[in-house]
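Undergrad: Before anything else, here's the structure in question.
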Amino acid sequence: MSGVRVLVVDGHAAFRRVAAAVVEAAGGFVVAGCVATGEESLRAVEAVAADLVLMDVNLPGIDGIEATRRLRSAPRPPVVVLLSTYDEDDFGARAGECGAAAYVAKSAFGTERLAAVWASAVGGWSTDTGD
């Protein structure tokens, strides 16, 4: 199966399931894996060849901000989108400080937003197949 390979990182199993369902519903994306901690994300990114990481900010162990910093310093860094319950206006600026491509409030996360942040991060990518 081809598509943008997405790793979901969240400390709550219920949100991992929701995020995975959103990824699968979005055209052009595929769930490559799901993990619960920042430490697990560091190992999983390479193991699953993730192109995109959906990273919760508040994680057990190292938080999503530190995990993002570490991922972005890798030789082949994935695009990272931070997710949390914080307001985008209140937290969005911190995303760039750690190397994340964007911050999306969990309440605003959906298929269209996923496609939009990916397109913005990679410069115009589209799910339009021309059919």
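Undergrad: Along the principal axes of its C-alpha atoms, what lengths does the chain span, in descending order and rounded to whole Å?
TA: That works out to 45, 34, 30 Å along the principal axes.
Undergrad: What does the convex hull of the alpha-carbon atoms of region 4-59 project to on average, in nm²?
TA: On the way: hull surface 12.8 nm².
Seen from a random direction, the Cα hull of region 4-59 projects 3.2 nm² on average.
Undergrad: Further question on the same structure: Compare Thr37, Thr111, Thr68, Thr85 by solvent-accessible area with a 1.4 Å probe and give them largest first, with all protein chains kept in place.
TA: Sorted descending by solvent-accessible area, the residues read Thr85, Thr111, Thr37, Thr68.
Undergrad: Work through the residues other than Ala121 whose Cβ is under 13 Å from its Cβ and net out their charges, Lys, Arg +1 and Asp, Glu -1.
TA: +1
Undergrad: Another question, then. Just need the relative contact order of the chain here, percent rounded to a whole number, with Cα pairs under 8 Å and 6+ apart.
TA: Over the chain, the number comes to 21 percent.
Undergrad: Using a 1.4 Å probe on the protein heavy atoms, what percent of the accessible area of the chain belongs to carbon and sulfur?
TA: Accessible surface attributable to carbon and sulfur in the chain totals 49 percent.
Undergrad: Could you work out the helix-only [θ] at 222 nm for the chain, with each DSSP H run of four or more residues adding -39,500 (n - 2.57) and the total divided by the number of residues, to the nearest 500 deg cm²/dmol?
TA: Theoretical 222 nm ellipticity from helices: -12500 deg cm²/dmol.
Undergrad: Using a 1.4 angstrom probe, figure out how much accessible area region 71-123 has per residue, in square angstrom, rounded to the nearest whole.
TA: Accessible area per residue: 52 Å².
Undergrad: Testing the spin-label approximation: label points 7 Å from Cα along Cα→Cβ at Ala13 and Ala49. State their distance in nm.
TA: A separation of 3.0 nm, rounded to one decimal place.
The values are calculated or read from the model by the stated rules, or taken from the named source; none is laboratory data. Keep in mind the model is a prediction, meaning the values are calculated, not measured. Quick reminder, even Gly has a Cβ in these numbers, built from the backbone with ideal geometry, and neighbours come from all protein chains shown. Each accessible area value is taken on the protein alone, full model and side chains, heavy atoms only, with ligands, DNA and RNA left out. Shrake-Rupley method; radii C 1.70, N 1.55, O 1.52, S 1.80 Å.
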